[in-house]
1. To the nearest 0.05, what FRET efficiency results for residue 235 and residue 154 with a Förster distance of 25 Å applied to their C-beta separation?
2. Roughly what angle does helix 226-237 make with the longest principal axis of the chain, taking Cα atoms, 0 to 90 degrees, to the nearest 10?
3. Under 5 Å between amide H atoms, partner at least 5 residues away or on a different chain: which partners does residue 165 have, H built in plane at 1.01 Å?
4. Report, in degrees rounded to the nearest 10, the 0 to 90 angle that the Cα long axis of helix 138-159 makes with the longest principal axis of the chain.
5. At a 1.4 Å probe radius, carbon and sulfur cover how many percent of the accessible area of region 1-52?
6. Can you work out the FRET efficiency for the pair residue 300 and residue 49, with r the C-beta to C-beta distance and R0 = 51 Å, to the nearest 0.05?
7. Please report, as a whole percent, how much of the solvent-accessible surface of region 138-251 comes from carbon and sulfur atoms (probe radius 1.4 Å).
8. Roughly how big is the chain's charge dipole about its Cα centre, with Cβ charges of +1 (Lys, Arg) and -1 (Asp, Glu), in debye to the nearest 20?
Amino acid sequence: MRIGVLTSGGDAPGMNAAIRAVVRAALDSNHEIFGIEEGYKGLVEGKIIPFNRSMVSTILNSGGTILRTARLPEFTKYEVRKVAYENLKKYNIQALITIGGDGTFRGAKALSELGVKCIGIPGTIDNDIASSDYTIGFSTALNTACEAIDKLRDTSSSHQRCSVIEVMGRNCPDLALYSGICCGAEYIITKDTKTSKEELLESLKANRLQGRRHAIVVVSENLYDVHKLAKEIEQFSGYECRATVLGYVQRGGCPTPEDRLLACRLGAYAIDLLNQDVANVCVGIKNNKLIHTEFALALDKVRKESKELMGLVNKLA
Ligand code: ADP
């Protein structure tokens, strides 16, 4: 079989490890494998290159994606997807492995409706694919966030300040929740913790009056303007306060062993599934077992907040 592989949407550390696994496993099963550059945009533009074994030799531990990534909002249009389909047909590529987040899976689902056998591999730092316990990139981003928060605690404690730190995770609070717990944040604000701004301000003021010298507040992306929030905390609570947006540093870096292992397992599993003529599913991991889920089902699921982890937030603060 001729198989294509692409990375799409937001990049995540470990995407390269997943590309390598797909390429090596495909060649091991005597398939031909093609890289499609710049996601669906490159597919529509015909940026298709044949892969061989040595082209993925040194990428297992590198961040980013050698295939680059892009966004193409027009891929929602049938006539645009038809161009992508024709380009695959030109190369006689029957199956496509797409590495990315939920948007990428929506694109793959739509393309599969034209007759392409698609398999999705979850690659996103947000951990927002509910059909898998973990997504490729989450572990590395968590490490990066924790390293930064630990450093910010050092300076907050020295200066007796409150530090408000915004971490990524558009639709999923996992990065904030996990990093907040791992770094002993006094407050973790996500859409699920439902702590209101008023409660936060009152609580900080009370803590300050009790003599607590510094505080770490981890906030999930898209909930507050953290710079404004820091000003309000200063005015209300008595703490001097600084805000830091961790931003895109969370997307980069050398993937952790956990992300590399997950990428190797999911990449090889995607090829196993194609060998068994299973397609139009995304792969994932549940309780350390490889699983696959139909795109429609996977896209319907929303990750439930972990009651156990949420319980730790107040208990250990
Ligand atoms: P991620 O995969 O990280 O969630 P995006 O949401 O940006 O990233 O999606 C990546 C790409 O997937 C989009 O730029 C678009 O080309 C394609 N895509 C997203 N949603 C759809 C959809 N409903 N139908 C077809 N293609 C889609």
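The values are calculated or read from the model by the stated rules, or taken from the named source; none is laboratory data. Here the structure is a predicted model, which is why all the values come from computation and not from measurement. Here the Cβ positions follow ideal geometry from the backbone for every residue, glycine too, while neighbour counts run over all protein chains shown. SASA here: full protein model, heavy atoms, side chains in, ligands and nucleic acids out. Shrake-Rupley method; radii C 1.70, N 1.55, O 1.52, S 1.80 Å.
1. With a Förster radius of 25 Å, E is 0.50.
2. Around 20 degrees separate the two axes.
3. Result for residue 165 returns 217, 218, 219, 244.
4. It is inclined by approximately 20 degrees.
5. Working: 630 of 1460 Å².
Percent of accessible area from carbon and sulfur atoms in region 1-52: 43.
6. Working: r = 35 Å, r/R0 = 0.68.
The computed FRET efficiency comes out at 0.90.
7. Numbers: 2500 of 5350 Å².
In region 138-251, the share of accessible area belonging to carbon and sulfur is 47 percent.
8. 180
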